[in-house]
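What follows is calculated from the coordinates using simple rules that are stated; it is not laboratory data. Note that the structure is a prediction, hence the values are computed from the model and not measured. All Cβ positions, even for glycine, are placed from backbone atoms using ideal geometry, and neighbour counts span all protein chains on display.
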Amino acid sequence: MPYKLLLDCDPGLDDALALLLAHGDPNIELVGVTTVGGNVRLENTTRNALQLREYLGFATVPVSAGAAEPLTRQHRDATHVHGTGGLGSVVLPPATLPVTGIHAADFIINTLKATPGAIHLVATGPLTNIAIALEREPAIARWAASFTIMGGSYTRGNATVAAEFNIWADPEAARIVFDADWQVTMIGLDLTLQAQANGSVVERLTKLGTLADELIVPLATFYFNPKVPDWDGQAVHDVCAVAYVARPDLFLTQPARVDIETRGEFTDGMTVVDFDPPAPNALVATKLDVDGFWAYVETVYARVAAEHS
Ligand code: RIB
Ligand code: CA
């Protein structure tokens, strides 16, 4: 029985690789994609999702655009990492099919309401759409089969010393999401930095033919700089969140209380993680079976690549 998965994302190099995994794994049924302003502006994250949909071949999966701005703050992007268009050096054919025309938050509500308990919700960008959906319909916290994010960190950040980008981009949204009536599985930097596309991974990916040449390798290596000491390769952050749904066996997690700093002068957007809480609200991923992860991901990518050669 496949895992039904709805992905809210901000493509984004690693969001695109996460979409490829969700599309390519026969044990995952991608039931919808929603987009949010994040790595790049909403018009670009949405354009990227629409182009990836047709290029990869999941044209029947609805794409709904959501929030262009954070709940209360100014949009802060990551174009310095993902490039101005959001997919690095990758240029895909223009999309011919449109978005659904309903807001991402309403698409999430309607989709989860239609099949309560059946759909796994995953977010790999700022949590603005999820927060809006919760405010419009708190019951989605019960309707989702599970809820997994790429975001946060219980050690250091990447947007700032203290904060990871997805949380830092909209801390108010993240607070609403972590305080809702569900358990959040937090796949944070402490986990995702174990999933680096290092030299041997990239060498194997390169053998996958056209799809690797046109998409996978350029996405997985765009900002990697081999001259930086102790840096083995680009982390495929968002791929880990999708992988967790289909292959939780590859992850170690711990119950924790996660609170979001929204007023810190130096710690704004920090996920404050207590691993010995009276009342956990999250499962926090700590360890990845790295070899098992890449064996899984590369098998799925090879399956899609065979259709693109
Ligand atoms: O911190 C990494 C996260 O921020 C990933 O989701 C990446 O796509 C960016 O959005
Ligand atoms: Ca992302």
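Just want the ordering: ASP230, ASP14, from fewest to most Cβ atoms lying within 10 Å of their own Cβ.
ASP230, ASP14
Compute the convex hull volume of the Cα atoms of the range 80-159, divide it by the residue count, and report the result per residue in Å³ as a whole number.
About 145 Å³ per residue, rounded to a whole number.
Counting residues in the range 1-129 as N, plug N into 2.2 N^0.38 Å and put the Cα Rg over that result.
0.98
Could you give me D for the chain, from Stokes-Einstein at 25 °C and 0.890 mPa s, where the hydrodynamic radius is the Kirkwood radius over C-alpha pairs? Units µm² s⁻¹, please.
The diffusion coefficient I find is 130 µm²/s.
Could you work out the local net charge near ILE176, counting Lys and Arg as +1, Asp and Glu as -1, over the other residues with Cβ closer than 10 Å to its Cβ?
For residues surrounding ILE176, the net value is -3.
Quick one: give the max-minus-min coordinate of the C-alpha atoms of the range 152-300 along each principal axis, largest first, in Å.
Cα spread of the range 152-300 along its principal axes, largest to smallest: 49, 33, 24 Å.
Any idea how far apart GLU54 and GLU265 come out in nm if each label point goes 7 Å out from Cα toward Cβ?
5.2 nm
Considering Cα pairs under 8 angstrom that are at least six residues apart, work out the relative contact order of the chain and quote it in whole percent.
Once normalised by length, the contact order is 19 percent.
Describe numerically, in nm with one decimal, the distance between label points set 7 Å from Cα along Cα→Cβ at THR100 and at ALA118.
Using points 7 Å along Cα→Cβ, the separation is 1.4 nm.
Sort GLU203, GLU164 so the one with the fewest other Cβ atoms within 10 Å of its own Cβ comes first.
Lowest count first: GLU203, GLU164.
State, to one decimal in nm, how far the label point of ASP213 lies from the label point of SER200, with both points 7 Å from Cα in the Cβ direction.
2.7 nm
What residue among PHE107, HIS75, GLY157 has its Cα farthest toward the positive end of the dipole of the range 69-182, where the charges are +1 on Lys, Arg and -1 on Asp, Glu, each on the Cβ?
Checking the options against the dipole of the range 69-182, the answer is GLY157.
Among VAL236, VAL63, rank each residue by its count of other Cβ atoms within 10 Å, from fewest to most, as a rough exposure measure.
Ascending Cβ contact count within 10 Å gives the list VAL63, VAL236.
When Lys and Arg each count +1 and Asp and Glu each count -1, what net charge do the other residues less than 13 Å away from PRO116, Cβ to Cβ, add up to?
Neighbourhood net charge equals +2.
Which aspartates and glutamates does LYS4 reach when only Cα atoms under 16 Å apart count, and residues fewer than 8 places away in its own chain are ignored?
ASP25, GLU29
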